[in-house]
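Participant: Just passing along the structure, written as structure tokens.
The values are calculated or read from the model by the stated rules, or taken from the named source; none is laboratory data. The structure presented is a predicted model; accordingly, all values stated were derived computationally and were not measured. All Cβ positions, even for glycine, are placed from backbone atoms using ideal geometry, and neighbour counts span all protein chains on display.
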Amino acid sequence: MAELSDNLQALRGIGARRAQSLRKLGLVTVRDLLTWFPRRYEDRRTLKAIADVSDGESVCIRAYLEAPPVVTHIRDGLDVIKLNALDDSGVLNVTFFNQLWLRNELRPGAAYIFYGKAARNLFGCSMSNPVTERADRQEATGCILPMYPSSAGVSQWILRRCIRDALKAYADAIPETLPEELRTARRLCDIKSAYENIHFPKDDDALQAARRRLAFEELFLLAIGLQGFRKRRETNPAAAFADADMSPFYDALPFSLTDAQRRCIAEAFADMRSGVPMNRLCQGDVGSGKTMVAAACVYNCVRNGRQATLMAPTELLARQHYEGLSRLLSPLGIRVALLTGSVSAKSKREIRRQIASRELDFLIGTHALISDGVEFADLALVVTDEQHRFGVAQRAALTAKGRQPHTLVMSATPIPRTLALSVYGDLDVSFLDELPPGRRKIKTYAVSGDYRPRLYGFLEKQMSEGRQIYIVCPMVTEGESVADDRKAVTEYAQELGRVFPRRRVLSVHGRMKPKDKETVMSAFAAGDGDILISTTVIEVGIDVPNASVMVIENAERFGLSQLHQLRGRVGRGKFQSYCVLISDNRSEETRQRLRVMVTTSDGFRVAEEDLHIRGPGDFFGERQHGLPPLKVANLCADGELLREAQAAAKELQTADPNLTRHPVIARRAEELLAQSETA
């Protein structure tokens, strides 16, 4: 009996060698292949007469071959085939490069479909290397053609042929997850039709219906799973905190909290009083004061006789948290310690002993906090900084150190309010939408590379006043190797060394070990460097109050939210700070995006604009939201469908709270969420 878990070699035409090639794409089973959805489509349905084709237009042309193709050997490695194809309106000049096998396939007098980008000039209409098929044997023309993520060794033709064969043999084995009454109420097609038309759509309506069905199912299962998380959390009691006297904490602050900070603290304290484990996201711009919200929660926790911990993604960030928070909390009688990988073995043993014997109240650290030897006496509050840097399993391991502890997650990733409230179904969300008074606005400029000489003069002036400079190169992109990352940084560092011979230029690139990166970043933070050039500053999030300029090269290659986070690395001291975005890209989209950065410093507005401009693009970048990977649905483009799926999930769980009548849905939701641990 056909099962979707069958190995791909069960399919006709897939032998050991082809299976090995497909395995490189992560395709091992029939299910893997059927859920390898197209990344885009090409509409090859419309045929045009040669005379009606415009210059630069991608189009299908049906024409007859006038005479045998002419083959010319130019040199080793370059053979050219030329032919003329005719229809009733004119002649199409076709050229193929290095496709000698075509000379035996192209027959004079036969009708062919040519698909490609046409060029029109005084000499007529032409195409180079078009997709070519016999008009009576169309497979890649005359249709909406799926285009799949692929790699060397696995062509689009191979993927389409394998998926077509898999659908023929296994379409009836695809299980129907959604009940018929739900599909009817929500106008959703059946699962078999959805899979057939997401891969090989009959028409536009069929493709839209297939995508809507599959996207709805993903969002519905996500909503079921997240509501399940929330329900389990609410049924597990946590110790209800009493109201602590917070006046010593507030009196110790060298500044007044903003209204937004006070609101977030009040929301967190209400959670901690409720008897249900707090699971709150504190989201705010860089510099909005998330750490002070966390500090207030830690003080409240310790005054209730319990222990707290904070986990940061890097040693440098953990150390900076320790230095700032211990300076505030230690005079208030709270015993604070730092646990990271670089702490000596002797010190680690002592810290572990103290946290287990309740001699410590608050432990700050990195992944070292979740090691087996760390046992808290009474952990009641877990704070996670930049939560998207940790997997679900890591956060769960830290939470497991206590008995239903309260959880506070801090994130500087700006996400539109409506999207955050929809996405974080298992979290309550607090927004820090106000910057502390007195914090200077960062002056932002978008310039072309022509301004570089003037920019270097400005940087020298800043450094002569004692300031430090960040310069960021684009991250490695698809098609570039990590070596390109290193080369870009090291070559630029050498150039800057020549431009600023009296200045200390430090660099960080993707080939460096994490420990070496931290060493360079720590040196810069300590003032032992004037310029830091890097591709990875965005991941580290160090606090250098003396840094006053952020220069971002090829700014068009970053998302708006990334640019905004990078900009937030300066402006942390008392000096006026600047962000300079360099781009030679003249497209209207680039100009529009950079204009947003120049005109606003509000992270939430930047996020909304990013969503608006990029539309269905991957707004979140490298999975910053910590949710399982969605193959069809897009959390930005499918906002209305997400709300519809959440409503349907709520209706189902109201009628069947434990999903006893819907075991398939319960299992699929668990499977989907389990993927976020390995994604």
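Participant: If a residue must be at pLDDT 95 or above and farther than 23 Å from Arg440 by Cα, how many such residues does the stretch 274-300 contain?
Facilitator: Number of matching residues: 7.
Participant: Also, quick follow-up: Going by what's in this entry, would Cys125 be described as touching a Gly at 6+ places or on another chain (Cβ under 9 Å), surrounded by 15 or more Cβ atoms within 10 Å (Cβ to Cβ) and at pLDDT 95 or above?
Facilitator: It is true that Cys125 is touching a Gly at 6+ places or on another chain (Cβ under 9 Å), surrounded by 15 or more Cβ atoms within 10 Å (Cβ to Cβ) and at pLDDT 95 or above.
The rows are residues; the columns are (1) over 21 Å from Glu42 (Cβ atoms); (2) of a type in the set (Gly, Ala, Ser); (3) surrounded by fewer than 16 Cβ atoms within 10 Å (Cβ to Cβ).
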residue: Arg160; (1), (2), (3): no, no, no
residue: Ala166; (1), (2), (3): yes, yes, no
residue: Pro175; (1), (2), (3): yes, no, yes
residue: Pro179; (1), (2), (3): yes, no, yes
residue: Leu182; (1), (2), (3): yes, no, no
residue: Leu188; (1), (2), (3): yes, no, no
residue: Ala194; (1), (2), (3): no, yes, no
residue: Ile198; (1), (2), (3): no, no, no
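Participant: With the condition kept exactly as written, say whether any residue in the stretch 384-396 is modelled with pLDDT of 85 or more and in the same structural domain as Thr291 (by TED's automatic domain parsing).
Facilitator: The answer is yes; a qualifying residue exists.
Participant: It is to be established whether one or more residues within the stretch 591-612 are under 30 Å from Tyr195 (Cβ atoms) and either at pLDDT 85 or above or not polar (S, T, N, Q) (or both).
Facilitator: Yes, there is a match, as at least one residue in the stretch 591-612 is under 30 Å from Tyr195 (Cβ atoms) and either at pLDDT 85 or above or not polar (S, T, N, Q) (or both).
Participant: Only one of these is assigned to a helix (DSSP H, G or I), touching a residue at least 12 places away in the same chain (Cβ under 8 Å), in contact with a Ser or Thr (Cβ under 9 Å, 6 or more places away or on another chain) and farther than 21 Å from Tyr41 by Cα: Leu92, Leu106, Leu102, Leu83. Name it.
Facilitator: Step by step, each of Leu92, Leu106, Leu102, Leu83 is checked, and only Leu102 is assigned to a helix (DSSP H, G or I), touching a residue at least 12 places away in the same chain (Cβ under 8 Å), in contact with a Ser or Thr (Cβ under 9 Å, 6 or more places away or on another chain) and farther than 21 Å from Tyr41 by Cα.
Here's the yes/no breakdown for (1) surrounded by fewer than 18 Cβ atoms within 10 Å (Cβ to Cβ); (2) out of contact with any Leu (no Cβ under 6 Å at 6 or more places or on another chain); (3) small (Gly, Ala, Ser):
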{"residue": "Phe229", "(1), (2), (3)": "yes, yes, no"}
{"residue": "Ser247", "(1), (2), (3)": "yes, yes, yes"}
{"residue": "Tyr250", "(1), (2), (3)": "yes, yes, no"}
{"residue": "Pro254", "(1), (2), (3)": "yes, yes, no"}
{"residue": "Gln261", "(1), (2), (3)": "no, yes, no"}
{"residue": "Asp271", "(1), (2), (3)": "no, yes, no"}
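Participant: Name every residue in the stretch 518-534 that is surrounded by 21 or more Cβ atoms within 10 Å (Cβ to Cβ) and either modelled with pLDDT under 85 or touching a helix residue (DSSP H, G or I) at 6+ places or on another chain (Cβ under 9 Å) (or both), in order of residue number.
Facilitator: Hits for the stretch 518-534 are Glu518, Met521, Ala525, Asp530, Ile531, Leu532, Ile533, Ser534.
Participant: Okay, next question. Which one is surrounded by the fewest Cβ atoms within 10 Å (Cβ to Cβ) among residues in the stretch 538-565 that are in contact with a Phe, Trp or Tyr (Cβ under 7 Å, 6 or more places away or on another chain) and more than 22 Å from Asp450 (Cβ to Cβ)?
Facilitator: Val544
Participant: Further question: Name the single residue, out of those in the stretch 453-489 being in a helix (DSSP H, G or I) and at pLDDT below 80, that is nearest to Asn585 (Cα to Cα).
Facilitator: Result: Ala488.
Participant: Give Arg17, Arg45, Arg75 a once-over and let me know the one that is at pLDDT below 95, under 43 Å from the mean Cα position of the chain (by Cα) and over 27 Å from Ile113 (Cβ atoms).
Facilitator: Selected residue: Arg17, the only one of Arg17, Arg45, Arg75 that is at pLDDT below 95, under 43 Å from the mean Cα position of the chain (by Cα) and over 27 Å from Ile113 (Cβ atoms).
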